[in-house]
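The values are calculated or read from the model by the stated rules, or taken from the named source; none is laboratory data. Quick caveat, the model's predicted, so the values are computed rather than measured. Because the Cβ atoms are built from the backbone with ideal geometry, glycine has one as well, and the counts that use them run over all protein chains shown. SASA here: full protein model, heavy atoms, side chains in, ligands and nucleic acids out. Shrake-Rupley method; radii C 1.70, N 1.55, O 1.52, S 1.80 Å.
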Amino acid sequence: EEEKERAGEVSQAIVSHLVYERGWPAPIIVDSGNGWHLLFKVKLPNDKLSHQILRDVTHWLAKKFDTPFATVDKATHDAPRISKLPGTTAKKGPNLPDRPHRVSRIVFVPDSLDIVSVEQLRELAGPIAAERPPRIMASDGGGLAGYVSRAIEGECGKVALSTQGCRNNA
């Protein structure tokens, strides 16, 4: 119960920061049974650049809000990630008195589900993207052409994530 309460505190801090301090639209809030999900509406293509932006957003949130008792799940940044369907039971691990299986439920739905803008996402993603060291990836069989393609794609991502006025430096 204490772990779940701590996770709720982290979720509340994130909502407070994003909605009240940064002007993001309110999310749907879901009690997953074992934690909390904040569902923000975005309108992005399911491509590598979008994954990179959302990955950097989740990493920024983790860097700012993680505590020794509760953390942001940094793996939830692309379409294949599973979200707990409200009304189903979380059955991760054994059902124990101190760690019971619980039913997930919707806690809050805003009057309107507005889209988080790409600019709002980039504003959070930018500092993490700037900290990311250049990556040298192992070849996936594409040889030099594959390496060059991935390197260019990575650098284009950095430029795309940069805020206006900082793109030359990126």
Discussion item. Can you list residue pairs whose Cβ atoms sit under 6 Å apart, with the first residue in segment 69-89 being touching a residue at least 24 places away in the same chain (Cβ under 8 Å) and outside any loop (DSSP other than H, G, I, E, B) and the second being among the β-branched types (Val, Ile, Thr) and open to solvent by 60 Å² or more (accessible area, probe 1.4 Å)? Count only pairs 6 or more apart in sequence or on different chains.
Written reply: THR89/VAL103
Fill in: ILE152 modelled with pLDDT of 70 or more, β-branched (Val, Ile, Thr), open to solvent by less than 50 Å² (accessible area, probe 1.4 Å) and not in a loop (DSSP other than H, G, I, E, B)
no
Worksheet item: If THR76 satisfies every condition in (1) open to solvent by 80 Å² or more (accessible area, probe 1.4 Å); (2) within 30 Å of LYS48 (Cβ to Cβ); (3) among the β-branched types (Val, Ile, Thr) but one, which is the exception?
Response: (1)
Response to the item:
Restricting attention to segment 6-21, the residues that are more than 12 Å from THR67 (Cβ to Cβ) and either loosely packed, with under 13 Cβ neighbours inside 10 Å or in contact with a Lys or Arg (Cβ under 9 Å, 6 or more places away or on another chain) (or both) number exactly 4
Practice prompt. Looking at (1) among the β-branched types (Val, Ile, Thr); (2) open to solvent by less than 40 Å² (accessible area, probe 1.4 Å); (3) at pLDDT below 75, find the lone condition where THR163 falls short.
Written response: (2)
Practice prompt. Looking only at segment 30-43, decide whether some residue is among the aromatic types (Phe, Trp, Tyr) and either surrounded by 13 or more Cβ atoms within 10 Å (Cβ to Cβ) or part of a loop (DSSP other than H, G, I, E, B) (or both).
Written response: yes
Worksheet item: Which residues, taken from segment 93-116, are surrounded by 11 or more Cβ atoms within 10 Å (Cβ to Cβ), touching a strand residue (DSSP E or B) at 6+ places or on another chain (Cβ under 9 Å) and in a loop (DSSP other than H, G, I, E, B)?
Response: HIS101, SER104, VAL109, PRO110, LEU113, ASP114
